[in-house]
2 protein chains.
Amino acid sequence: MKKTTIYDIAKELNITAATVSRALNDNPRISEDTKKLVLATAKKLNYKQNKLALALKSGKSKNVGVVVPYINRNFFSTVIRGIEEELNPKGYNVIISQTHEEGKKEIDIVQNLLNAQVDGIIISASRQSKGNDHFKYVLSKNVPLIFFDRKKEIEGISSVTLDDAQGAYQATKHLIEQGCKHIAHMTIDLSLLIYQNRLAGYKQALADHGMEFNPDYVIALQSEIVAGKDAAKKLMGLPEPPDAIFSATDLGALGAIQYLREIGKKIPEDFCVVGFSNEPFTQFMELPISSVDQSPLLMGKTAAKVFLEQIESNDVKIEKNVVLSPSLEIRKSSQKTLG
Amino acid sequence: MKKTTIYDIAKELNITAATVSRALNDNPRISEDTKKLVLATAKKLNYKQNKLALALKSGKSKNVGVVVPYINRNFFSTVIRGIEEELNPKGYNVIISQTHEEGKKEIDIVQNLLNAQVDGIIISASRQSKGNDHFKYVLSKNVPLIFFDRKKEIEGISSVTLDDAQGAYQATKHLIEQGCKHIAHMTIDLSLLIYQNRLAGYKQALADHGMEFNPDYVIALQSEIVAGKDAAKKLMGLPEPPDAIFSATDLGALGAIQYLREIGKKIPEDFCVVGFSNEPFTQFMELPISSVDQSPLLMGKTAAKVFLEQIESNDVKIEKNVVLSPSLEIRKSSQKTLG
């Protein structure tokens, strides 16, 4: 079947194609009667407007781009679900891209989403994010840009983040309350704000409980099980090995636990471990792992709401920074005492 | 800085905007000298072509849409990684959408991707996929469409799938070789070809080894841990309970194992379990779970290659059906005997 064009409608009604186009786009120069006639004829002829051409005209594609480092982390996929739950009912479609933590890919993706005329971009910065020009460019195009979890400090750009310091504080305080005396901290990349904040929360909890901070107890690793194992091995080789680990990631915590069990440590009796992110596997391990929950669903919904506010107010430069509270999920890996 | 338009170039050269546009789009009606002049001036004035407008003209956006039921299954995220590894170096950008298994959403997404002028769609059908019209429509638009894993039988549409029957056969045969006499099968949705094939492979292995097929031993469940637990409970309540389960999903296998341990069954001594998909958690459980690996990375790379072949040959209707071989990863949950 040949596709109906505005020329077919024009011919049918004996008016110009320009008039048809204006009528379809609700141009005030066209009378209501003509508009009705054009719409009825368009329907009769099964005319479908090219949504992309419309997007070019109106600047609204009803697509929102979501950019994450990786789609296969429960945290990110749950944030995306939150965004979809909020935006789908409003007629927005969510297009997802992953940066694999690469700065160049992040720039390409942002440019690509702009070229695809997205109505907004909701992004968690990649670990190797390069500069802020691509983010400022989005703003200059009057397209809402909202950071979640991993933000950059840019004037006029909104964000939804977790109070990472508070989460780390809770985890460390909990380990202290379990009677742990030498608490190590596994981190990832201290160039990222979230890991800086987790370290700060850990240090603050130690300080508030009169415990000394030992730099040897802080190890940076990749977010991998193997790295967690290696780090645990290194920590246990110290002259004064720790009796607990607060890991800034769940996979790191898992690797540490695997090593500790290999060398015969009893968890939680001899050694306590707490992770961060509350990835599903932490629950269904035979030894369930305590972890800090980051409220990803709420984070996604909140980021989507900030986007909707900006779209509705037609002002992308109202800066709004929402900080969500974490909650510690205490499980067997750190539960020496009940209560 | 004001954006340079084709009108600025036209003014600079004292020619019409239409000529500039034709020159930029390499129209044969424009002389080579004029083209060179226009390009040089465009460069001088820092003119940037609107990629989307270009896409509308050329029909090439360099975006490829990938549609999956869920992004947070290791199988799907790994297929996507395979697609990206193959397509990114060729300058294609991958845009991901998830259907959450909803048929209506699948239709919307496909339409939306077409509106966004994607150069191709690589899709795993949703569980509630409705009819084939939206798929045939893609083909009618001369846009390559490739199914992976979950395919629909549509003439002219290519696919990359796993030999699911073979995987199920391997798993069941392995359980028989371990000495299991009463092997149950947990499945998901027998309206999907992949699950039909897994059931068929299971039955074939039983038949080839002279074991009777017992319909009571086949239970359909949602891909969830709780459903796996319930199903195991039901199976263990049969007059003649099974001594092994081949589950068509890993989460089902995990739920079954949780229940079996609760009632004091020793795994693998008393009861063997094999899953399907080789999700990462199957390896890092304290009791690692045997599972059928689906070669997701290879599946993604192969689907991407089929897309590239179609784009390069400019023929979206060469049907190519690639079937990959599964491999059984034997782990503790089913390893009564070594070797």
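Do the conditions hold for B:Val316, that is, is it crowded, with 21+ Cβ neighbours inside 10 Å and part of a loop (DSSP other than H, G, I, E, B)? Yes: the conditions hold for B:Val316.
Taking A:Ala125 as the residue in question, decide whether it is hydrophobic (A, V, I, L, M, F, W, C) and within 8 Å of chain B (Cβ to nearest Cβ).
Details: hydrophobic (A, V, I, L, M, F, W, C): yes; within 8 Å of chain B (Cβ to nearest Cβ): no.
No.
Note on the range B:78-93: residues that are closer than 17 Å to B:Ile146 by Cα and of a type in the set (Gly, Ala, Ser) amount to 1.
Between B:Ala165, B:Ala184, which is in contact with a Leu (Cβ under 6 Å, 6 or more places away or on another chain), of a type in the set (Gly, Ala, Ser) and under 28 Å from B:Leu251 (Cβ atoms)?
Values: B:Ala165 fails: in contact with a Leu (Cβ under 6 Å, 6 or more places away or on another chain).
Of the residues listed, the single one that is in contact with a Leu (Cβ under 6 Å, 6 or more places away or on another chain), of a type in the set (Gly, Ala, Ser) and under 28 Å from B:Leu251 (Cβ atoms) is B:Ala184.
Going by the structure shown, is A:Gly237 buried (at least 22 other Cβ atoms within 10 Å of the Cβ) and either under 27 Å from the mean Cα position of the chain (by Cα) or at negative phi (or both)? Taking the combined requirement at face value, the residue does not satisfy it.
Based on this model, can you work out whether A:Lys266 counts as over 24 Å from A:Asp149 (Cα atoms) and exposed (fewer than 15 other Cβ atoms within 10 Å of the Cβ)? Walk me through it before giving the result.
Details: over 24 Å from A:Asp149 (Cα atoms): yes; exposed (fewer than 15 other Cβ atoms within 10 Å of the Cβ): yes.
Yes: the conditions hold for A:Lys266.
Taking the condition of being touching a Ser or Thr at 6+ places or on another chain (Cβ under 6 Å), within 17 Å of A:Gly201 (Cβ to Cβ) and touching a residue at least 60 places away in the same chain (Cβ under 8 Å), how many residues in the range A:295-330 meet it? If you could, list the steps in order and put the result at the bottom.
Pass one, the range A:295-330, residues touching a Ser or Thr at 6+ places or on another chain (Cβ under 6 Å): A:296-297, A:306, A:319-324, A:329-330.
Right, trim to within 17 Å of A:Gly201 (Cβ to Cβ) and you get A:323-324, A:329-330.
Imposing the further condition that a residue be touching a residue at least 60 places away in the same chain (Cβ under 8 Å) reduces the set to A:323-324, A:330.
Number satisfying all stated conditions: 3.
Of all residues in the range A:152-175, those that are in contact with a helix residue (DSSP H, G or I) (Cβ under 7 Å, 6 or more places away or on another chain) and either of a type in the set (D, E, K, R) or surrounded by fewer than 19 Cβ atoms within 10 Å (Cβ to Cβ) (or both) total 5.
Conditions tested, residue by residue: (1) modelled with pLDDT under 85; (2) closer than 29 Å to A:Glu312 by Cβ; (3) not assigned by TED's automatic domain parsing to the domain that holds A:Asp315.
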{"position": "A:Leu37", "(1), (2), (3)": "no, no, yes"}
{"position": "A:Thr78", "(1), (2), (3)": "no, yes, no"}
{"position": "A:Ile96", "(1), (2), (3)": "no, yes, no"}
{"position": "A:Lys104", "(1), (2), (3)": "no, no, no"}
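Would you please name the residue that is nearest to the chain's Cα centre (by Cα), looking only at residues in the range B:97-111 that are facing another protein chain (nearest Cβ under 9 Å) and surrounded by fewer than 23 Cβ atoms within 10 Å (Cβ to Cβ)? Reasoning before the result, please.
So in the range B:97-111, the residues facing another protein chain (nearest Cβ under 9 Å) come out as B:97-98, B:100, B:105, B:108-109, B:111.
Then keep just the ones that are surrounded by fewer than 23 Cβ atoms within 10 Å (Cβ to Cβ); that gives B:100, B:105, B:108, B:111.
Numbers: B:His100: 13, B:Lys105: 16, B:Asp108: 18, B:Gln111: 19 Å.
Selected residue: B:His100.
Of all positions in the range A:300-309, none carries a residue that is within 30 Å of A:Ile257 (Cα to Cα) and crowded, with 22+ Cβ neighbours inside 10 Å.
Please state which one of B:Phe276, B:Phe246 is away from every other protein chain (no Cβ under 14 Å), under 22 Å from B:Pro296 (Cβ atoms) and out of contact with any Pro (no Cβ under 9 Å at 6 or more places or on another chain). Spell out the reasoning first.
Working: B:Phe276 fails: out of contact with any Pro (no Cβ under 9 Å at 6 or more places or on another chain).
The unique qualifying residue is B:Phe246.
Among the residues of the range A:109-134, how many are in contact with a helix residue (DSSP H, G or I) (Cβ under 6 Å, 6 or more places away or on another chain) and at pLDDT 85 or above? Residues in the range A:109-134 being in contact with a helix residue (DSSP H, G or I) (Cβ under 6 Å, 6 or more places away or on another chain) and at pLDDT 85 or above: 6 in total.
Could you say whether any residue in the range A:63-80 is among the polar types (S, T, N, Q) and more than 10 Å from every other protein chain (Cβ to nearest Cβ)? For the range A:63-80, residues among the polar types (S, T, N, Q) and more than 10 Å from every other protein chain (Cβ to nearest Cβ): absent. Whether a residue is modelled with pLDDT under 95 and more than 27 Å from B:Ser191 (Cα to Cα) was assessed, and B:Thr282 does not pass this test.
In summary, B:Gly210 fulfils each of the numbered conditions (1) of a type in the set (Gly, Ala, Ser); (2) assigned to a strand (DSSP E or B); (3) surrounded by fewer than 16 Cβ atoms within 10 Å (Cβ to Cβ) with the single exception of condition (2).
Restricting the first member to the range A:223-246 and to residues that are within 22 Å of A:Arg127 (Cα to Cα), and the second to residues that are among the hydroxyl-bearing types (Ser, Thr, Tyr) and part of a helix (DSSP H, G or I), the beta-carbon pairs closer than 7 Å and six or more apart or on different chains are A:Phe246/A:Thr172; A:Phe246/A:Tyr202. The single condition from (1) surrounded by fewer than 20 Cβ atoms within 10 Å (Cβ to Cβ); (2) under 28 Å from B:Glu269 (Cβ atoms) that B:Ile183 fails is (1).
The values are calculated or read from the model by the stated rules, or taken from the named source; none is laboratory data. Quick caveat: nothing in here was measured; it's all calculated off a predicted structure. Counting neighbours? That spans all protein chains shown, and the Cβs are built from the backbone with ideal geometry, glycine included.
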